[in-house]
């Protein structure tokens, strides 16, 4: 099965640094096949027969042991990434794909937390929670959005890592069967 691993909060300025060559080496040493990385923000695609929860645990443990890196790891299958693209709540391709984000959550958030997030005034930005993904549209740009920083993660009470639509689309293509 093809997977994408998304590392939370790596390679941010001088914090939680890991070279993508090191990430590829660690994943290969774990026994994953056809390992590739995308960009420098902690995105890797690979093949494995293990279930997703075991993959997340193995990668997080290996990163801590071999790179001294402590970060959440969110794993999605190629089919899950294709479903993320298909569930696009905008109903169209975003005009600026780099301003439309998907935050991949470690778990499905509590419905009460989802309702609390929906009650926040974040206009003109918009947020939709669908399963373990939070879709975030920032029409004035991510730096001007009230959804920036840790707002979504804090409101939902679930760890997550966001990627823009361009990156999500590329990861879906790289993991397609």
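Measuring spread by the Cα atoms of the range 86-175 yields a radius of gyration and Dmax of 12.3, 36 Å. For the range 1-72, a Kirkwood radius taken over Cα pairs fed into Stokes-Einstein (37 °C, viscosity 0.692 mPa s) yields D = 274 µm²/s. Calculated mean residue ellipticity at 222 nm for the chain: -10000 deg cm²/dmol, from DSSP H runs with n ≥ 4 weighted as -39500 (n - 2.57), summed, divided by the residue count and rounded to 500. Normalised by 2.2 N^0.38 Å, with N the number of residues, the alpha-carbon radius of gyration of the chain equals 1.01. Between helix 20-29 and the chain there is an angle of about 60 degrees, using the helix long axis and the longest principal axis of the Cα atoms.
Readers should treat all values here as calculations from the given coordinates under stated rules, not as data from a laboratory. This one's a predicted model, so the numbers in the text were calculated from it and none came from an experiment.
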